[in-house]
Amino acid sequence: MFSEKSAAVRGLEIGGKAPVSVQTMYDSPIAGADVDGIVARIGRLSAMGCDIIRFAFTSRNDSNPFSEIAARSPIPVVADIHFDWRMALLALESGADKIRINPGNIGEEWKVKEVVEAAKDKGAAIRIGLNSGSLPAKFSSLPHERAMVESALEYIDLLESWGFGNIVVSLKSSSAEETVEAARLFSSLSPYPQHIGVTEAGSPVISAVRSTWALGNLLKEGIGDTLRVSMTGDIEDEVIAGVELLRSLGLRKKGVRIISCPRCGRASFDSIAFEKRIRSRLLSLDNDISVAIMGCHVNGPGEAADADYAITGYGHDVCIYSHGRLVLKTDWERAEDDLMEVIKGE
C-alpha cells in the first residue's frame, strides 16, 4: 500500500511510491549556536542515513542561524512551530522546506490562512502534527486515536479549501497502541502521506522496543511514508534505529550492517567499546556490506566467514578479516583505522 498523494520537501518526495524517509529533530537551541558545527553534524547525520531534520523555531533570534542552516544543509530542513503564527511566517521567510504546525494552536483561522498562503508562495510543505495530548475540546469525548484523525481530516479540508495540498500528517501518542490505531484509521480515510512515530517514547532501549513494535507493524502493512524513532538520547541513535528498522524490513538496502556480540567472559577484545568507537564511521559508508565486531576467537572466525569484514580478538592480537580471510593482525590503538583502511581499500 502506498499513500496516493505525495508531498514535495525540497527535492525529497514523501509518499506516493517514494522510499520511506528517516527524520530526526535537532536537540539544542540554535540561537547563538555554532552554525558551522550544526551544519557539519547534519552532514554526518545525512551520511548515516538521515533524510530530513527538524528544528524548534521559537523566536526571532532563531531566524538568522536557521536561514544559514537551511541554505547550507545537505538535507531538507523543517521548522517546528507552536502557537505563534508569526514564527511560522518568519521560518518560511528564512528558508524552511517544511513547517510543522498544529492549526488548532495557531489561533484564529485568518492566521492559519496567512501561514498556508506563505507556504504556497515559498513552495514549502506543511506537516499537520497532532499529538494525543493537544486535541480540540470538541473531540474530547472520542478515543484519542479517533480524535486525532477527526482533527486531521478537518484541518486537511481547511487547507484544501485554500488550494493547498502539499501536506504531510502525523498522529502521535506516547502510547504505541494509540499511535498504530490512529495511523491505520487515517490511512483508511485519507490519501495523504503520513509521518509516523511514537512520541515521548523514552530512553534508547525503551524507545527502540516501543517504536519497533509500532512502526514495524505499520510499515509491514504499507502505512507510513517518513518516520522518526523518538528517543531521550542522542539523535544519532534515532537515525541509526530508523535506518536499521527500514533495513530489517527490507525497505532500505544500502548501508553497512553491523553485527556485534554482547560480550562475555571469554572476550579478549572489547567489542562494546569498539562498536561505539567506530559506529558513526561505519554507518557513514555507502557500501552495501556487513561488518562483524566480535569479542573472542570462539565465534569470531565463524562470523568472519559470513560477514564481508570482521574484527575480533585472539589472545593479545586484534584480527581483521576480509570475506572470511585473515588479512591483518593489529592492536587496540590501531584497530579502528586499520579496519577502515581494509574496507576502503577493496
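Only the coordinates and a few stated rules stand behind these numbers; no lab work does. Here the structure is a predicted model, which is why all the values come from computation and not from measurement. Reconstructed Cβ throughout: ideal geometry from the backbone, glycine too, with neighbour counts over all protein chains shown.
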*Quick one: plug the Kirkwood hydrodynamic radius of the stretch 1-146 (C-alpha pairs) into Stokes-Einstein at 20 °C, 1.002 mPa s, and report D in µm²/s.*
133
*So for the chain: antiparallel DSSP bridges make up what percent, rounded to the nearest 5?*
30
*Mind scanning K17/K253; K254/K276; K220/K276 and naming the pairs with a C-alpha gap bigger than 27 Å?*
K220/K276
_Cut-off is 10 Å between beta-carbons; in what order do H316, H323 appear when sorted fewest neighbours first?_
H316, H323
*Helix-derived mean residue ellipticity, 222 nm - over the chain, DSSP H n ≥ 4, -39500 (n - 2.57), to 500*: -13500 deg cm²/dmol
*Lys and Arg at +1, Asp and Glu at -1: add these up for the other residues within a Cβ distance under 12 Å of D331 and post the number.*
-3
*Which net charge results for the neighbourhood of L282, defined as the other residues with beta-carbon distances under 12 angstrom from its beta-carbon, given Lys and Arg at +1 and Asp and Glu at -1?*
+2
*Extent along principal axes [Cα atoms of the stretch 6-248; Å; largest to smallest]*: 45, 44, 30
_Length added when fully stretched, N64-V327, from 0.36 nm per residue minus Cα-Cα_ = 89.6 nm
*For L185, L159, what's the fewest-to-most ordering of other Cβ within 10 Å of each Cβ?*
L185, L159
_Residues S140, S63, sorted so that the one with the fewest Cβ neighbours within 10 Å comes first_ = S140, S63
*Please list the non-local residues whose amide H lies under 5 Å from the amide H of R127, H modeled 1.01 Å from N, same-chain partners needing a gap of 5 or more.*
I99, R100, I101, V168
_For peptides 67-77, 85-95, sequence by mean Cβ density within 10 Å, most packed first_ = 85-95, 67-77
_Antiparallel DSSP beta bridges within the stretch 257-344, percent to nearest 5_ = 60
